[in-house]
Amino acid sequence: MMISLDAASAVALPFVRNIALARIIAPDQFGLAITLALAAGVSELVTDIGITNSAMRQGNKDSQNALPTLHTIVLVRACLVGLILAVSGVPLAHLFGVPEAAVSFSALGLAAVIRGFSHLEPQRLLRDFVYTPNTVSKTSEQIVWTAVTIGTAFVVNDYRCMLFGIIAGAAANMILTRFYSREPWRLGWSHGIAREALVFGAPLIPNGVALAFTSMGDRFLIGSFLGLTPLAYYSASSTAGFMPRGVILRMLGMVNMPMFLRYGRHGVVSSRIIDYWGITLSAVAAAYSIAFLCFGPWAIRVVFGEQYAPDQTLITCIALSAYLKYMITLPQPLALVFGETKLILASTIISSLALVCGAVAVVFYQKLSMFVFGVAVGELITVLWIISISIKTYGFAPRLTWCVALFPVMVLGLAHAMTTNIAINAFAVRTEIFLFTALLLLAGYIGVWKAARLPWITEIMHILRANGKASSVQA
């Protein structure tokens with residue numbers, strides 16, 4: 001329950017925040033507010049050295065010095081991030097063409113420093129399956145951030161509301177982590193603990209840089225190349241298109257990762273569980289993308305307002321990009337289960353290069369839809385590489401995997417051709433297109449399933465039950 005609450009708040013409350021700001025303040029101010037949140041998020045992600053994970057890993061070892069040492073590292077990191085943000089205020093403001101916002105960008109450093117005083121004991125308690133302190137602290141941060149941002153938006157009526165919300169959220173997290181901690185927050189130093197934490201966290205920095213570029217670089221590029229108003233339009237559409245992906249993947253991971261662990265490396269190949277995973281991932285991604293392509297324009301207009309209603313080309317490009325983003329994660333559960341994190345880092349780095357394609361496209365065409373299309377082209381190249389590596393490394397069935405990965409791309413193209421000249425509010429016609437393309441996808445998956453001679457549902461359930469009994473006997 002607590003894990004679900006943590007995940008839901010991390011997705012739902014930023015979505016609520018964006019919807020409210022889109023309706024309260026002007027589009028250019030909304031775009032600038034988004035850049036403030038991005039600057040804060042990038043600074044945290046790029047400098048993430050996994051100290052929260054180190055707190056869990058410490059357990060009760062050297063309990064007198066473990067948390068104080070980690071607190072010292074966190075505070076030093078927070079001060080460095082705060083200093084970098086303070087100095088970067090002017091360059092960031094000029095990058096987005098809003099020199100008057102330099103003070104606000106610099107003030108983000110205050111939030112970073114406040115986070116440096118948070119207590120790590122709620123993170124350490126996760127080791128003992130005590131989730132409430134950590135979940136309440138993180139969820140409350142999002143609630144306070146959202147409430148203060150929306151409340152101050154009515155007062156100041158501009159981008160500064162986001163700054164106030166970020167600082168208030170950081171303060172709420174700091175206060176609650178201390179409230180839930182049994183020992184006082186203090187600084188200390190243990191060379192052994194510090195060395196272990198830094199050795200563990202140092203390799204995470206390149207991955208954090210790549211993740212930041214992949215997850216937030218699109219908004220920085222749009223804001224700098226096209227301006228803040230197009231950024232606001234893109235944020236409304238991309239939030240609706242991309243945000244649910246994290247929740248869906250987390251839910252799929254809760255099922256497939258234990259399955260991969262149970263079967264083992266040889267078992268996932270011999271039982272063809274990995275092929276079921278490939279079909280499932282593709283089917284979920286395709287169904288989601290087709291639904292967004294057909295109903296996304298209508299939903300965005302209803303949720304964000306008439307002025308944010310997108311054109312069909314932009315929605316199709318986002319739908320295609322969303323599908324490809326799902327497929328990029330094809331080998332990640334296996335890599336996590338079998339401890340091959342270098343593959344995850346490689347896929348993250350290569351995925352980030354898709355933004356280069358988007359940047360090239362926007363330089364030549366100066367259109368928002370062309371930027372997303374360029375990113376999708378780069379992601380398609382990444383998916384081709386991912387599939388090739390997955391087949392070689394984990395034994396995915398080659399023909400089946402290529403078919404289930406690429407067939408939905410053609411269906412998305414067909415759906416775009418059918419919806420290009422359809423009005424946003426033509427809900428009945430869009431429903432018919434969705435049903436037709438969904439049936440086409442279903443027929444394709446059934447055809448691939450039969451051609452690959454995979455067992456049907458009853459046989460799969462029999463295999464799982466038999467494997468479950470065997471595991472119980474061994475235990």
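Computed quantities for the displayed model
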quantity: Test: Ala423 is modelled with pLDDT under 95 and within 30 Å of Pro230 (Cβ to Cβ); calculated: yes
quantity: Only one of Arg186, Arg178 that is part of a helix (DSSP H, G or I), more than 22 Å from the chain's Cα centre (by Cα), touching a residue at least 40 places away in the same chain (Cβ under 8 Å) and over 30 Å from Pro27 (Cα atoms); calculated: Arg178
quantity: Any helices (runs of 4 or more DSSP H) falling wholly within the stretch 367-456 and containing at least 1 residues that are surrounded by 20 or more Cβ atoms within 10 Å (Cβ to Cβ) and charged (D, E, K, R); calculated: 368-394, 427-451
quantity: Identity of the residue in the stretch 94-132, modelled with pLDDT under 90 and aliphatic (A, V, I, L, M), that ends up farthest from the chain's Cα centre (by Cα); calculated: Val98
quantity: Flag for Phe179 being at pLDDT 85 or above and under 27 Å from Ala39 (Cβ atoms); calculated: no
quantity: Long-range neighbours under 8 Å by Cβ, at least six apart or interchain, first residue touching a residue at least 40 places away in the same chain (Cβ under 8 Å) within the stretch 102-131, second surrounded by 22 or more Cβ atoms within 10 Å (Cβ to Cβ) and in a loop (DSSP other than H, G, I, E, B); calculated: Ser104/Tyr159
quantity: Filtered residue count, the stretch 321-337, keeping only those that are outside any helix (DSSP H, G or I) and of a type outside the set (A, V, I, L, M, F, W, C); calculated: 2
quantity: Residue satisfying condition, being farther than 30 Å from Gly374 by Cα, surrounded by fewer than 15 Cβ atoms within 10 Å (Cβ to Cβ) and among the basic types (Lys, Arg), within set Arg195, Arg262; calculated: Arg195
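Residues checked against (1) in a helix (DSSP H, G or I); (2) β-branched (Val, Ile, Thr); (3) within 20 Å of Gly395 (Cα to Cα):
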{"residue": "Cys317", "(1), (2), (3)": "yes, no, no"}
{"residue": "Gly339", "(1), (2), (3)": "no, no, yes"}
{"residue": "Ile349", "(1), (2), (3)": "yes, yes, no"}
{"residue": "Val360", "(1), (2), (3)": "yes, yes, no"}
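The values are calculated or read from the model by the stated rules, or taken from the named source; none is laboratory data. Computed from a prediction, not measured in an experiment: that's the story for all the values here. A quick note on method: Cβ atoms are made from the backbone with ideal geometry, for glycine too, and the neighbour counts reach across all protein chains shown.
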